[in-house]
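The values are calculated or read from the model by the stated rules, or taken from the named source; none is laboratory data. Remember, it's a predicted structure, so these values are computed and weren't measured experimentally. Heads up, the Cβs are rebuilt from the backbone with ideal geometry, glycines too, and the neighbour counts pull from every protein chain shown. The protein model used for the area step is the full one, side chains on, heavy atoms only, and it has no ligands, DNA or RNA in it. Shrake-Rupley method; radii C 1.70, N 1.55, O 1.52, S 1.80 Å.
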Amino acid sequence: MTYALDSGIDTVTFQPLGSDKTMTWKASLSANYTDGMLILHKGQIVYETYSGCLNERGKHAAMSMTKSLTGLLAEILVVEGKLDPAAKVDTIIPELKNSAFGSATVRQVMDMTTSLKYSEDYADPNADIWVYSKAASPFPKPSGDKGPNGYFEYLQTLKKDTINHGEVFGYKTVNSDTLGWIISKVTGKDMTSLLSERIWMKMGAEQDGYMTVDAKGVPFAGGGISAGLRDMGRIGQLMLNGGKINGQQLFPNKVVENIQAGGDKKAFAAAGYKTLEGGSYHSMWWVMHNQYGAFAARGVHGQTIYVDPTAEMVIVRFSSFPSAANSKIDPTSLPAYQAVAKYLLNKDREK
């Protein structure tokens, strides 16, 4: 990657959602507990900063940005004709026949419109996410423990809710691990191997990425990746360039076109994401449907890859925001991203 650093970005101003005051880009970084921030414009690094305990040689938990890489791999398989999005999950994974996932389609899993009795409220100590996390732990289970051991065992226990599959978007990590299992069944490879072979080894990564696994060695397809800031920037650049990087086409442009087109807006609206009104979710990417055609990978506590095709801009943020919910950060981050996009577009016009 080449540099064309732009100090003017720090003084870009914007108005946070729901506020009548302005904020600078630089002030927003500390407000959002930013550990690392990278901005690429037309393939060059125009902004890069690190804070806290992260530096350019360090790696940071990507959290649920991992989901978007899982979704990307699945969409590649769909476009290549190796995965049928209309197929019922139990035709690919017979072990899930009696679970909620068995009657769902692959596309419903990819877009998280499955009907599941499952709560992912991190603030609730009794939520299903904590039972799921216990099953996923790589540590040996206590003597006498009769709960599921590993992701795949846990997925088989989930029951269907009262609504139909496909009606409402519900952000639930178990969909990503089901998709990781589907990918494994279709390709005969676990997600880490496939991601390495199809993307990481070919995109010019400067560091290894790592992924957490359960006690049986199954990768955490819903949130297990840790990686360097610039390498996540390469993922964003791949998406911006329609699957091309360093002169190589790693996957068909149609993959990105499909993701950018977005998912079911009506199903998404039913979920009530107030900071993402008008958006959708497709192949585990958040699609903004804003004037710039932006889409993003997002993870709890502020992790983001934000791709803006109009401004030819990629933003990557690693963060340690105290609250898990990105809805707490969106009021400052989303208008900040659009302000930088506008700034870069204006600079281009002035040249």
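Given the condition modelled with pLDDT of 95 or more and in a loop (DSSP other than H, G, I, E, B), answer yes or no: does some residue in the stretch 230-239 qualify? Within the stretch 230-239, none of the residues are modelled with pLDDT of 95 or more and in a loop (DSSP other than H, G, I, E, B). Could you check, for the stretch 225-237, whether at least one of its residues is touching a strand residue (DSSP E or B) at 6+ places or on another chain (Cβ under 7 Å) and on the phi > 0 side of the Ramachandran plot? No, the stretch 225-237 contains no residue that is touching a strand residue (DSSP E or B) at 6+ places or on another chain (Cβ under 7 Å) and on the phi > 0 side of the Ramachandran plot. Looking at the stretch 85-121, which of the residues that are without any contact (Cβ under 8 Å) to a residue 60 or more places away in the chain and assigned to a helix (DSSP H, G or I) is most open to solvent (accessible area, probe 1.4 Å)? Once the filter is applied, the top-ranked residue is Thr91.
Scanning the stretch 313-323 for residues that are open to solvent by less than 20 Å² (accessible area, probe 1.4 Å), in contact with a His (Cβ under 9 Å, 6 or more places away or on another chain) and of a type in the set (A, V, I, L, M, F, W, C) yields Met313, Val314, Phe318.
Would a scan of the stretch 122-135 turn up a residue that is of a type in the set (Val, Ile, Thr) and either crowded, with 21+ Cβ neighbours inside 10 Å or in contact with a Cys (Cβ under 8 Å, 6 or more places away or on another chain) (or both)? No, the conditions are met nowhere in the stretch 122-135.
State which residue is surrounded by the fewest Cβ atoms within 10 Å (Cβ to Cβ) when the search covers only the stretch 39-84 and only residues that are among the small types (Gly, Ala, Ser) and more than 24 Å from Val255 (Cβ to Cβ). I'd like the intermediate steps shown before the answer.
Applying the first criterion (among the small types (Gly, Ala, Ser)) to the stretch 39-84 yields 43, 51-52, 58, 61-62, 64, 68, 71, 74, 81.
From what is left, the residues that are more than 24 Å from Val255 (Cβ to Cβ) are 51-52, 58, 61.
Details: Ser51: 16, Gly52: 14, Gly58: 16, Ala61: 21.
That would be Gly52.
Free of Cβ contacts under 8 Å to residues at least 24 places away in the same chain, within 20 Å of Glu206 (Cβ to Cβ) and β-branched (Val, Ile, Thr): does that describe Thr49? Can you show your working first?
Values: free of Cβ contacts under 8 Å to residues at least 24 places away in the same chain: yes; within 20 Å of Glu206 (Cβ to Cβ): yes; β-branched (Val, Ile, Thr): yes.
For Thr49, the condition - free of Cβ contacts under 8 Å to residues at least 24 places away in the same chain, within 20 Å of Glu206 (Cβ to Cβ) and β-branched (Val, Ile, Thr) - is met.
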